[in-house]
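Structure, as structure tokens:
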Amino acid sequence: MTSHLFAISYDAAQPVLLGRFWSGLLGREMVDDPQDGVLVLPGTDTDFRLRFVPTDQRKVVQNRMHFDLTSSSLEDQQQTVARALELGARHIDIGQGPDDDHVVLADPEGNEFDVIGPGNKFLSGCGFVGALACDGSQAVGYFWSAALGWPLVWDQDEETAIQSPQGGTKISWGGPPLMPNGGRDRVRFDLAPAADVERQAEVDRLLSLGATLVDADQDGAGRLVLADPDGQEFSLSTPR
């Protein structure tokens, strides 16, 4: 009995405009979310759904998770960067070196993402969105493996990664040192229990794995807000 990852959720000052950016960059359809904000739909069965919800809180710290986009060649990498810039992205410096083979960008609201150079073996076969790279401990990688029922595909030197049994985008955690917690996270996991599972039973299971309950209805849309063992917030909606 596990939850499924319904969406990666972004707080956004302008959800429609930010949704259009990611829809254009990923080449996917954007639709209204019946509960709140807008959705960028998956392109394949293993793609993550993206959800953009309105907020009046300004982004002030670096996000603790970001997407790594893959490239098949240097030309392909350059084309992805150019397309992102045309859609409203910008180059940013987060301490990367001049010899790094990835390009660090931010979307129109400052959310970081990387365009990885060709030949990255870790992301081979994962698709265009190769990974959701997260700041987090080894323990939190174990937590999410159990929470989602996804096997560990990397567990070395306190770095962990999981992947759906069907393949697709990996979720990775880089281990220590961890970034300071800057308050409510602007990018989060949105979980939903299976249709035949009572939500309270799933809450109890997640708590037994090490989650904590933050708020019973913080976002006003009937979603429970919890936090993983590292304090990263995530939500649990009604069964879907």
Quiz item: Looking at segment 145-166, which of the residues that are touching a residue at least 24 places away in the same chain (Cβ under 8 Å) and over 16 Å from the mean Cα position of the chain (by Cα) is farthest from Ser208 (Cα to Cα)?
Solution: Gln166
Self-check item: Tally of residues being open to solvent by 80 Å² or more (accessible area, probe 1.4 Å) and not in a helix (DSSP H, G or I) across segment 58-93
Solution: 6
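Listed here are the residues, each with its yes/no results for (1) among the β-branched types (Val, Ile, Thr); (2) open to solvent by 10 Å² or more (accessible area, probe 1.4 Å); (3) modelled with pLDDT of 95 or more.
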position	(1), (2), (3)
His4	no, yes, no
Ser9	no, no, yes
Gln14	no, yes, yes
Leu18	no, no, yes
Phe21	no, no, yes
Arg28	no, yes, yes
Val38	yes, no, yes
Leu41	no, yes, yes
Quiz item: Is there any pair linking a residue in segment 34-56 that is hydroxyl-bearing (Ser, Thr, Tyr) to one that is part of a strand (DSSP E or B), with Cβ under 6 Å and at least six apart or on different chains, and which?
Solution: Thr55/Asp11
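Go through segment 168-193 and give me each residue that's over 16 Å from the mean Cα position of the chain (by Cα) and open to solvent by 10 Å² or more (accessible area, probe 1.4 Å).
Of segment 168-193, the ones over 16 Å from the mean Cα position of the chain (by Cα) are 175-183, 193.
Result: Pro176, Pro177, Leu178, Met179, Pro180, Asn181, Gly182, Gly183.
Among the listed residues Gln62, Gln77, identify the single one that is polar (S, T, N, Q) and at pLDDT below 95. Can you show your working first?
On the way: Gln77 fails: at pLDDT below 95.
Gln62 is the lone residue from the list that is polar (S, T, N, Q) and at pLDDT below 95.
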Exercise. Restricting attention to segment 121-167, report how many residues are surrounded by fewer than 17 Cβ atoms within 10 Å (Cβ to Cβ), in contact with a strand residue (DSSP E or B) (Cβ under 8 Å, 6 or more places away or on another chain) and part of a loop (DSSP other than H, G, I, E, B).
Key: 2
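Can you find, within segment 221-240, the residue that is modelled with the highest pLDDT among those that are outside any strand (DSSP E or B) and closer than 16 Å to Phe52 by Cβ? Steps first, please.
Within segment 221-240, the subset outside any strand (DSSP E or B) is 221-223, 228-232, 237-240.
After this cut, where a residue has to be closer than 16 Å to Phe52 by Cβ as well, the list is 221, 223, 237.
Values: Ala221: 62, Arg223: 82, Ser237: 87.
Among those that are outside any strand (DSSP E or B) and closer than 16 Å to Phe52 by Cβ, it is Ser237.
The values are calculated or read from the model by the stated rules, or taken from the named source; none is laboratory data. Everything numeric here is computed off the predicted structure, so don't read it as measured data. With ideal geometry, Cβ positions are generated from the backbone for all residues, glycine too; neighbour counts draw on all protein chains shown. Remember, those area values only see protein heavy atoms, side chains included, never the ligands or the DNA or RNA. Shrake-Rupley method; radii C 1.70, N 1.55, O 1.52, S 1.80 Å.
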